[in-house]
Amino acid sequence: MYITIQSFNNMHGSKPLKLDGLIKLVKEPDNKYDAEAIACEMRYFGKIGYVANSTNTVVIGSMSAGRLYDKINDEYFAKIKFVTGSVALARVLTSDEYIAEVENPESDIHYLSDNLGKIDVDFIKKNIRGEADDSQL
């Protein structure tokens, strides 16, 4: 499942965006502009943008913040796969990829996560595309 990340309007520009860079996704239910806002954070840079949530900003074939919102925990992770200008496409980690990041002592996940190891992996398996069994489709 791919998502569009936008709004790199900060002092870093698109500098943090490197291929396979780990992105922390954080729900912002109290965001005054969008109740389904999902902020994107990276190690060393902090908040770098948001998951796109408008038909004008979501890249075709990727998921909007509104569609992703109920499929992830309050905190989850994705990896950057494509970068062009001020837009990046990231792939949401599967539960197995999340576990591999947690088990890797060199992963940025250890610096980004507030809930390391506490994410409900079964919830992710049920909701992230490609992990559901046929009875859930």
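Miscellaneous remarks
- Computed over the chain with a Gaussian network model linking Cα atoms closer than 10 Å, the most mobile of Ile23, Ile60, Ile38 is Ile60.
- GNM remark for the chain: springs join alpha carbons under 10 Å apart, and the peak mean-square fluctuation among Thr84, Thr57, Thr94 falls on Thr84.
- Full extension of the segment from Asn115 to Glu97, taken as 0.36 nm per residue of separation minus the current Cα-Cα distance, would add 4.9 nm.
- By the count of other C-beta atoms within 10 Å, a proxy for reagent exposure, Leu116, Leu25, Leu19 are ordered fewest to most as Leu19, Leu116, Leu25.
- Centroid-to-centroid separation of the range 100-119 and the range 41-89 [C-alpha atoms, Å]: 19 Å
- Fully extending the segment from Ser86 to Lys125, taken as 0.36 nm per residue of separation minus the present Cα-Cα distance, adds 11.0 nm.
- Helix content alone sets the calculated 222 nm mean residue ellipticity of the chain: runs of n ≥ 4 DSSP H residues at -39500 (n - 2.57) each, divided across all residues, give -4000 deg cm²/dmol.
- Basic side chains Lys and Arg get +1 at the Cβ, acidic Asp and Glu get -1 at the Cβ, and with that the dipole of the chain about its Cα centre reaches some 580 debye.
- The range 34-119: chymotrypsin sites (Phe, Trp or Tyr not before Pro) in DSSP loop, at most 13 other beta carbons within 10 Å: Tyr44
- Debye intensity ratio in log₁₀ form over the Cα atoms of the range 2-136, taken at each q of 0.14, 0.17, 0.22 Å⁻¹: -0.59, -0.89, -1.49
- Remark: for residue pairs Lys32/Lys118; Lys27/Lys118; Lys32/Lys81; Lys47/Lys126; Lys18/Lys71, the C-alpha separation exceeds 23 Å in Lys32/Lys118; Lys32/Lys81; Lys47/Lys126; Lys18/Lys71.
Only the coordinates and a few stated rules stand behind these numbers; no lab work does. Because the structure is predicted, anything quoted here is derived from the model rather than measured. FYI the Cβ positions are ideal-geometry reconstructions off the backbone, even for glycines, and counts take in every protein chain you see.
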